[in-house]
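First comes the structure, then the notes that go with it.
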Amino acid sequence: MPISLLTKPAHLLLLAGLLLAAPSAQAQAQRAAGPDRPADFLSPSFHKQRRELLRQALPAGSVAVLFAAPVRNRANDVDFTYHQSPDFYYLTGYTEPDAVLVLFKEPQTVKGQAGVTEALFVQPRDPQAEQWTGRRLGTEGAKQQLQVQFVADNKEFATAGIGWAGFAHIMYSPLATDVRDDSRDPADLYNLLASFRQQAALPADVNPVVAEAQQLIQQRGLTGAARLVPYLQNLTQTQPALAQDAYVQGYLNAKTDAERQKAVANRPASRFDTQVLDAALAQLREVKTPRNLSSCAGPCALAPWASRR
């Protein structure tokens, strides 16, 4: 026979009352943050400020491009639980795949809209797919909840009319190379990456290991030569591309300080860079704001912004 509430101790009655009241309070908090956005997420204004700070750190005539993390397949038609790229989440608050963020140092015209400094291309709503993967924000949801200046369907990335040829510097995080091509989706991450390579005329021989080595030479080639030279020599043993790079080898072959200084200054000019953006983001994320530290009401170690890796 069920026990009446009247026979329960006072502290249990209080607990029951709190549990009954909790859904209402939670619903009110979520309505304030957006119908699909948990109340303890970082606010759109936080991400917007991060984008603006990063944009200010970019050199004149530059554009920064960041892609969402790839979907990782576990077995056949079963994928791992999706985890967004921490940097991408840090700048957007977007938790879905198949998206690209573009930040312009100077305002640009995108799809006929002038004065654009930030553009986010996201996956569209798809009721059939959402039965399996959960509800998507879509373009309208992203506009309302993420407050990015320009938001469009990811299929429009290839036809957005971004003037890639006019940028003095094209900065991007190292591109994923193990991305599966979904033949049913013309704008999945595989196609977004291919479109970026084609539109920006990205050289096919861009090697992230070589780019990092060249950046290290630029940063530490003179003051840190005692440690950098043996490091690069060892790395060359496992990275054949370094042995074929004239700039790296010119630095390693330098014997005097004067020769080393000349070698450091002799880096070949390139519009493409995978290191500056990563360094700028790392510097930006070193400084934590109060909102950064107090936004998570649950197990923060599981949150996308908890760490970069």
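The values are calculated or read from the model by the stated rules, or taken from the named source; none is laboratory data. Bear in mind the structure is a predicted one, so any value in this text is a computation, not a measurement. Cβ placement follows ideal geometry from the backbone for every residue including glycine, while neighbour counts extend to all protein chains displayed. Each accessible area value is taken on the protein alone, full model and side chains, heavy atoms only, with ligands, DNA and RNA left out. Shrake-Rupley method; radii C 1.70, N 1.55, O 1.52, S 1.80 Å.
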Yes or no: V210 part of a helix (DSSP H, G or I), hydrophobic (A, V, I, L, M, F, W, C) and either touching a residue at least 24 places away in the same chain (Cβ under 8 Å) or over 23 Å from V71 (Cβ atoms) (or both)?
-> yes
Long-range neighbours under 7 Å by Cβ, at least six apart or interchain, first residue under 18 Å from R51 (Cα atoms) within the stretch 268-279, second of a type in the set (S, T, Y) and open to solvent by less than 50 Å² (accessible area, probe 1.4 Å) = T274/Y172; T274/S173; L277/Y172; L277/S173; D278/S173
Can you tell me which residue in the stretch 94-108 is most open to solvent (accessible area, probe 1.4 Å), limited to those that are more than 10 Å from the chain's Cα centre (by Cα) and over 23 Å from A168 (Cα atoms)?
-> T95
Exactly one of (1) touching a Lys or Arg at 6+ places or on another chain (Cβ under 8 Å); (2) open to solvent by less than 40 Å² (accessible area, probe 1.4 Å); (3) part of a loop (DSSP other than H, G, I, E, B) is unmet by A69. Its number?
-> (1)
Test: T81 is assigned to a strand (DSSP E or B), open to solvent by 10 Å² or more (accessible area, probe 1.4 Å) and polar (S, T, N, Q) = no
Criterion: out of contact with any His (no Cβ under 7 Å at 6 or more places or on another chain) and modelled with pLDDT under 95 - qualifying residue of T133, T159, T117 = T133
Within the stretch 84-93, count every residue that is of a type in the set (S, T, N, Q), open to solvent by less than 10 Å² (accessible area, probe 1.4 Å) and either out of contact with any helix residue (DSSP H, G or I) (no Cβ under 8 Å at 6 or more places or on another chain) or farther than 16 Å from R136 by Cβ (or both).
-> 1
Counting only residues in the stretch 122-157 that are in contact with a strand residue (DSSP E or B) (Cβ under 6 Å, 6 or more places away or on another chain) and part of a loop (DSSP other than H, G, I, E, B), the one least open to solvent (accessible area, probe 1.4 Å) is identified as V148
Answer yes or no: is there a residue in the stretch 174-191 that is part of a strand (DSSP E or B) and surrounded by 18 or more Cβ atoms within 10 Å (Cβ to Cβ).
-> no
Determine if the stretch 137-145 includes at least one residue that is more than 17 Å from the chain's Cα centre (by Cα), closer than 21 Å to L54 by Cβ and of a type in the set (S, T, N, Q).
-> yes
Residues of the stretch 80-93 being within 11 Å of the chain's Cα centre (by Cα) and not acidic (D, E), which ones?
-> Q84, S85, P86, F88, Y89, Y90, L91, T92, G93
Q131 more than 18 Å from R271 (Cα to Cα), more than 22 Å from the chain's Cα centre (by Cα) and not hydroxyl-bearing (S, T, Y) = yes
Counted residues, the stretch 53-100 - those being more than 29 Å from D181 (Cα to Cα) and either without any contact (Cβ under 8 Å) to a residue 12 or more places away in the chain or of a type in the set (G, A, S) (or both) | 5
